[in-house]
Amino acid sequence: MFPVLTHLSLSFFFFFFLMIRRPPRSTLSSSSAASDVYKRQGLVRQFHIEMLMAVAGIRDMINQTPGLDDLISDTSQIDLHEVELAYHRRMSQGAPGEGISPSLASTSKKNPSPGIGMSPGSVSSAQHIMETLRGISAKHSWFVAGAADLNGKHCWSSHPADDFMIRGPNYLQDRKKIQSTGALMPVVCVELLPCSEFKPNIGSHPKGFIQRVQKHDWGAGQSAPFIFCVQFFVPCSSPNNYMLNVYCAQDPTQKNSQPQMVLDRFMNGTTEEQDRKFKLIPRVAEGGWFVRKACGDPPTPAIMGTKVKQLCHKGQGYFEVDFDLGASSVAGGIVKIVLGPCKSLVVDLGFMVESQLADELPEKLLMAVRLSRLDLALANERKNPYESVAFNIGRR
């Protein structure tokens with residue numbers, strides 16, 4: 001019984017992660033005692049200006065936004081709200097890149113490299129494309145990216161994927177595992193949304209992240225990047241059910257690699273083959289002893305299609321794997337157990353296609369994401385775009 005719970009619990013740890021909210025905004029109010037102290041020292045406004053510049057990339061746009069240089073030159077007269085609005089207005093215009101800070105955009109232009117669907121001579125680089133995808137994500141999803149450390153709250157981050165144990169080059173003979181070295185695809189978006197029921201094939205939804213990527217203007221002769229999506233439907237008795245959607249994008253430097261070949265075999269395989277290959281490695285990076293043991297300590301991989309209901313969908317420019325955790329009574333019970341300590345958990349989720357043949361070894365993670373101290377209650381107020389209109393839910 002315990003091994004069964006251990007494997008299934010892997011599936012439910014995403015639930016913890018589903019408890020996400022936008023990190024609370026730092027107030028610029030002068031009402032607090034600490035703020036009054038700093039004001040008397042004449043430092044607080046300068047600190048806020050420097051913080052905005054550093055975080056939002058305002059320094060790089062000062063000379064490009066009329067009047068902003070004069071505004072910032074006199075910090076005693078500055079209106080912080082106006083500075084923030086000026087920045088967001090500029091970013092919403094998509095210049096120099098949609099959702100990209102000018103510093104990042106200028107860096108990608110200085111170091112051009114082939115992008116997804118682009119020739120080597122293209123000005124747009126792979127880095128620029130990934131930053132653009134994250135810009136689209138920032139506008140689409142309220143669940144924001146944070147730092148890839150153990151200090152994040154109510155956020156996600158693309159994990160470096162360098163410390164999972166995966167099958168080595170001679171695993172079929174010696175059964176030895178090795179430490180992972182990065183992931184095939186970087187995570188570009190994560191969604192945590194309340195929902196009424198399981199909604200497969202969200203990639204085809206006209207208001208979803210994938211279709212937003214497809215509709216984005218990538219330039220003449222340039223195609224949208226290929227997106228891989230994993231969705232978890234998390235049943236809860238009250239007040240809502242939830243969906244956790246994790247998106248990663250194809251790395252152009254890996255298009256002809258052995259790990260990409262393994263992924264292609266999976267995406268073009270039969271339903272039975274797909275059910276036997278897609279693997280999740282959940283790991284509690286920070287949390288209590290009970291949760292660590294339930295999730296597997298050391299982390300234990302789980303072939304998801306043998307534990308819960310798994311549906312795969314292949315569409316134009318995307319592939320999606322959906323898990324209905326509500327279809328398993330055991331899974332539902334574990335969800336209830338693990339939801340409680342979510343606000344204190346930092347969980348890493350590694351996704352991969354299991355290598356079962358000699359030419360598929362060594363294994364490589366498809367993607368890895370870190371979910372930090374999630375709060376499901378904060379998702380309850382969010383509107384789910386996938387429930388606004390009907391869309392195709394057919395398999396494959």
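The values are calculated or read from the model by the stated rules, or taken from the named source; none is laboratory data. On a predicted model such as this, the values are computed, not experimentally measured, just so you know. Note that each Cβ is placed from the backbone with ideal geometry, even for glycine, and that neighbours are counted across all protein chains shown. In case anyone asks, the SASA skips ligands and DNA or RNA and just uses the protein heavy atoms, side chains included. Shrake-Rupley method; radii C 1.70, N 1.55, O 1.52, S 1.80 Å.
One chain, two ends: Lys314 and Ala138. Fully extended at 0.36 nm per residue, the span grows by 60.9 nm beyond their Cα-Cα distance.
Taking each pair of different alpha-carbon atoms in the stretch 172-229 once, compute 1/r for the pair, average those values, and report the inverse of that mean as the Kirkwood hydrodynamic radius in Å to one decimal. Please report the intermediate quantities before stating the final value.
Details: mean 1/r = 0.0662 Å⁻¹.
Kirkwood hydrodynamic radius for the stretch 172-229: 15.1 Å.
Using R₀ = 41 Å, calculate the FRET efficiency as 1/(1 + (r/R₀)^6) where r is the Cβ-Cβ separation of Gln222 and Asp297; round to 0.05. Walk me through the numbers before you get to the answer.
Working: r = 46 Å, r/R0 = 1.11.
It comes to 0.35.
The portion of the accessible surface of the stretch 176-298 made up by carbon and sulfur, rounded to a whole percent, is 49 (1.4 Å probe; DNA, RNA and ligands excluded). Taking all protein chains together and rolling a 1.4 Å probe, Trp142 ends up with roughly 20 Å² accessible.
Between the residues Val190, Phe226, Tyr242, the greatest Cα displacement towards the positive end of the dipole of the stretch 176-248, with unit charges on the Cβ of Lys, Arg, Asp and Glu, is found for Phe226.
State in Å² the accessible area per residue of the stretch 170-242; use a 1.4 Å probe, count heavy atoms of protein chains only, and round to the nearest integer.
On the way: 3030 Å² over 73 residues.
Roughly 42 Å² per residue, with all protein chains present.
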